[in-house]
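Read the figures in this text as sums done on the coordinates, not as results from a lab. In this text the structure is predicted, and so the values were computed from the model without any measurement. Cβ coordinates were reconstructed from backbone atoms using ideal geometry, including for glycine residues, and neighbour counts include every protein chain displayed.
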Amino acid sequence: MILNDYPWLSLPYQQLASGIIHKRTHHALLINYVQGSGEDEFVSMLANRLLCQSSQQLEPCLNCHSCQLFLSHYHPDYYVITNEQSKQSIGIDQIRKISNKVYEKSQQGGNKVIWVKRAALMTEAAANALLKTLEEPPENTYFILSDEHNSKLLPTIHSRCFSYFLPVPKLEISIEWLKKLHRQQYNDNELASALLLSENAPLKAVALLMPEKWQQRKKFCDHLLDVVPQNNYWQLAKTFDSEDFIERIIWFCALLSDALKAKQKVGRFIVNRDQVPLVRLLATKSNEKISALYDLWLQARTQLLTITGLNKELIVYNVLAQSEVIG
C-alpha cells in the first residue's frame, strides 16, 4: 500500500477516508498539492476506496471484484480526465463526454469516480460544462479534481468543491525517508538542499537526486565558482543546452536568494546547504547587484515559459551578457 511507501500521506488519507466510511464524503473533492509529494498515488488510493465494495476500514480491501478491476486499470466506473497528448488544455468535448457517462447506471452497481487531473488546464468552456454537473451531481458519483497549489481554477469550480491541501512532510521526516532510499550516497546537507529546492516535496527531490541530474547541478555550481570572480558568465554557455536553461535559472536564483539571506545574517534559512562557499562568494556582491541578477534571470524564465516562438539560445546569450554588465 502507498501508505507504507509514503508515510507522510497516512494522516491526510485517514482524514479524507474517514468521510467515506461514515458516508459524509463531499461529492466533489479538490486536492491541491506541491508537485512531487505523492499526489497521484494519494488520489488513486482515495478513488480505489470509493470504488471498493467490501471494505469497512479506511483502506480498500484490494480483494473484491471492484478492487481487482481498479488494480488492473480496467474499472468501468472510474474515469481519469487530463489534457490529451500534444494538447495544452482539457477541452469541452472531454467534459461533455464524461458528463453523459456519469448519468448512466454504474456498471458495477457501486460508486462512480471521475478524476480530473490538472484541473486548471480546463478551458473556461470545459470548466463551465463541468460546473453544471457539479451543481446537480448524480447519486453515488464522486468527482476528484487535483492540481498544484498555485494553479488558477475558476472560483465557481472552487465554490462547488471541498478543498483540501495535501501537505508536504517536515524536512527532518523527508531527510530520513530519503536516507533509506539513498543509504550513504548523500550527506544530510545534500539531502536537505535537494528537498528545499523541491519545495520539500520528497518525490521531486528524488528526481533531482538522480545521479546524472545531481551531477549537472554540481557542475553548474562548480562553474559558477569559477566565472563569478572573473565576471565571465559567458563561459556558462558551454556547460548546458538552451533546453536546460530554465532549470539553471531556478538553481541560480535560489543561490542568489541564499546570498541575500547570508548578507542579512539569516544563514540558517538558506536552501543550498551543500554550496555554502558559493553562497558566500555571491554574498560578496552588493545587494543591488544580487537583486539585479535575480530579476534578470527570473525575467528570462518568465519569457521562456510564457512566450512561444522565442529563440531560446538568444535569450540565454542575452542573459549571460547582461549578467556581465551587472557584474
Using the crude model of +1 on Lys and Arg Cβ and -1 on Asp and Glu Cβ, and no other charge, please compute the dipole size for the range 174-257 relative to its Cα centre, in debye to 20. 200 debye
Running Debye on the range 128-285 with equal point scatterers at the Cα sites and no solvent, what base-10 log of I(q)/I(0) appears at q = 0.14 Å⁻¹? -0.82
Non-local amide H neighbours of residue 30 (under 5 Å, H modeled in plane, Pro and chain starts lacking H): which ones? 145, 162, 163, 164
List the pair-distance distribution P(r) of the range 269-327, using every Cα-Cα distance, as the percent of pairs falling in each 10 Å bin from 0 up to the bin containing the longest distance, rounded to whole percents. 20, 41, 31, 8
For the range 1-47, just list the percent of Cα-Cα distances falling in each 10 Å bin from zero outward, please. 24, 60, 17
Whole Å is fine, so just give me how far the alpha carbon centre of the range 1-59 lies from that of the range 165-213. 23 Å
Quick check for me: using +1 on Lys/Arg Cβ and -1 on Asp/Glu Cβ, what's the dipole size of the chain about its Cα centre, in debye to the nearest 20? 420 debye
The local net charge around residue 39, scoring Lys/Arg +1 and Asp/Glu -1 for residues other than residue 39 whose Cβ lies under 12 Å from its Cβ, equals -1
How do 233, 164 rank when sorted from fewest to most other Cβ atoms within 10 Å of their own Cβ? 164, 233
Run lengths n ≥ 4 of DSSP H only: what is the helix-derived mean residue ellipticity at 222 nm for the chain, with -39500 (n - 2.57) per run over all residues, to the nearest 500? -16500 deg cm²/dmol
Could you please tell me the mean projected area of the C-alpha convex hull for the range 116-168, averaged over all directions and given in square nanometres to one decimal? 3.9 nm²
Could you work out the local net charge near residue 304, counting Lys and Arg as +1, Asp and Glu as -1, over the other residues with Cβ closer than 12 Å to its Cβ? -1
Which of the trypsin sites (Lys or Arg not before Pro) across the range 83-173 are loop residues per DSSP, with 12 or fewer other Cβ within 10 Å? 87, 105, 152, 170
Alpha-carbon Debye profile of the range 210-326, log10 I(q)/I(0) at 0.11, 0.14, 0.16, 0.17 Å⁻¹: -0.34, -0.56, -0.73, -0.83
Using the Cα gyration tensor of the range 71-163, the equivalent ellipsoid's semi-axes, largest first and to the nearest Å, work out to 21, 15, 13
I'd like the distance separating the alpha-carbon centroids of the range 230-253 and the range 256-327, in whole Å. 10 Å
Could you quote the convex hull projected area for the chain, Cα atoms only and averaged over all directions, in nm²? 18.8 nm²
Are there chymotrypsin sites (Phe, Trp or Tyr not before Pro) in the range 1-60 that DSSP marks as loop and that have at most 10 other Cβ atoms within 10 Å, and which are they? none
Treating cross-link reach as a plain straight distance, find the lysines whose alpha-carbon is under 19 Å from the alpha-carbon of residue 219, omitting any fewer than eight places away in the same chain. 238
Virtual spin-label span in nm between residue 288 and residue 308, 7 Å along Cα→Cβ: 4.1 nm
Starting from the coordinates of the alpha-carbon atoms of the range 1-152, obtain the Kirkwood hydrodynamic radius over all distinct pairs and give the value in Å to one decimal. 15.9 Å
Full-extension gain in nm, residue 179 to residue 246, via 0.36 nm per residue minus C-alpha separation: 21.3 nm
